[in-house]
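Below is one structure; the comments refer to it alone.
Please treat every number below as a calculation from the coordinates, not as lab data. Note that the structure is predicted; figures quoted are calculated from it, not measured.
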């Protein structure tokens, strides 16, 4: 089974959709779809940080257990934490869009004011 399918199996086990997962580790929402052969070390490090119960050796090689034995009991807690992180990332993106829109409105207003002052 390819690494992409093992990752999807883990997400199904954790009841996390691909979008939430991608947002939580800070990659584009098409990241999983774009995985070809393996996962880059930097991305694997992010995955391990946000999903400590995932056995990264299993993810890369398919050998061993999917989840680390000592973390199986933390499954539900990790799920809630990951959902919260994904929500906060999405909320932050929405706030940034609002800030960008407000900054554009302010720039337009300054141009209008400058034009009016030039006409005087």
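Listed values, structure above:
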read-out: Within a Gaussian network of the chain (alpha carbon springs, distance under 10 Å), most fluctuating of 99, 25, 39; value: 99
read-out: Cα-derived Rg to Rh of segment 3-119, Kirkwood definition; value: 1.26
read-out: For the chain, built as a Gaussian network whose Cα springs stay under 10 Å, the top-fluctuating residue of 95, 54, 44; value: 95
read-out: Difference of contour (0.36 nm per residue) and Cα-Cα distance, residue 96 to residue 109; value: 2.7 nm
read-out: Computed over segment 3-119: relative contact order in percent, which uses C-alpha pairs under 8 Å that are six or more apart; value: 26 percent
read-out: Most fluctuating residue given options 49, 90, 104, as computed from a GNM of the chain linking Cα atoms under 10 Å; value: 104
read-out: Helical mean residue ellipticity (222 nm; -39500 (n - 2.57) per DSSP H run of 4+; nearest 500) of the chain; value: -23000 deg cm²/dmol
